[in-house]
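*Asks:* Handing you a structure now.
What follows draws every value from the coordinates through simple rules; no lab data is involved. The structure presented is a predicted model; accordingly, all values stated were derived computationally and were not measured. When we count neighbours, we look across all protein chains shown, and the Cβ atoms used for this are built from the backbone with ideal geometry, even at glycine.
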Amino acid sequence: MREEHDEVPATLGLAIALWAAAVAAGAQAGVFTRLQPQAYAALAAFAATFAIGVVLLDARVRGWLQARGPQVGSAFLAGLSILGVAAGLALGEEGRVNPAAGPWAMVILFVLPLTAAAGAVTLSAALRPGGIARRRQVPVVGG
C-alpha cells in the first residue's frame, strides 16, 4: 500500500464539492423541508458521523489533514464561528427558524459535519504520540 497522499486533496475536494452541491440543490428544491423532523435530525446526525468517521478511520485522509496542521485548526475555528453566528441568528428569530429550509440546511448538513470532522482531526493530532496534549504544552498563536 502506498503511504503517499497524492490523491487525497483531489478526492476530498471532489467529495466536498459534490456534497455542498447536493445539499444546496436539496435546500433550493425544498427537499429537506418535506422530511419529518426526526428524519431530518437523523440525516444531520448521519452527515456529521460520516464526516467524523472518514477522518478518523481513513489513515490517508487523516494523515494528509494532520500534515496541514494549523490550516485544519483554522477551518475548525471558522466552522465554529459560522455555527456561532447561525445560532445567534436563530435565537434572534424566536423559534421562527425552519432548520431544514434555505441557508439553515447548508449550516446543519454541510458546515456542522465539516466542523465536527475538522475538530476530530485537530483532537486526534493533539492526542497522538508527540502531539501537543502529550507534551503538555500550550500552543502560542503566531509564535
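*Asks:* Over all directions, what mean area does the Cα convex hull of the chain project, stated in square nanometres?
*Replies:* 10.6
*Asks:* What number, rounded to the nearest 500 deg cm²/dmol, is the helix-based mean residue ellipticity at 222 nm of the chain, given -39500 (n - 2.57) per DSSP H run of at least four residues and division by all its residues?
*Replies:* Value at 222 nm, helices only: -22500 deg cm²/dmol.
*Asks:* Just to check I understand the Karplus step: with θ = phi - 60° and J = 6.51 cos²θ - 1.76 cosθ + 1.60, what whole-Hz values come out for region 119-129, glycine and proline as x?
*Replies:* Taking θ as phi minus 60°, the curve returns x, 5, 5, 4, 5, 5, 5, 5, 8, 5, x Hz for region 119-129.
*Asks:* Cβ neighbours within 10 Å, averaged per peptide: list 72-81, 112-121 in order, most packed at the top. Don't skip to the end; give the middle numbers.
*Replies:* Values: 72-81: 16.4, 112-121: 22.2.
In descending order of packing, they fall as 112-121, 72-81.
*Asks:* Could I ask something else about it? For a bin width of 10 Å, list the pair-distance distribution of region 1-78 built from all Cα-Cα distances, rounded to whole %.
*Replies:* Per 10 Å bin, starting at 0, the Cα pair percentages come out as 15, 40, 29, 14, 2.
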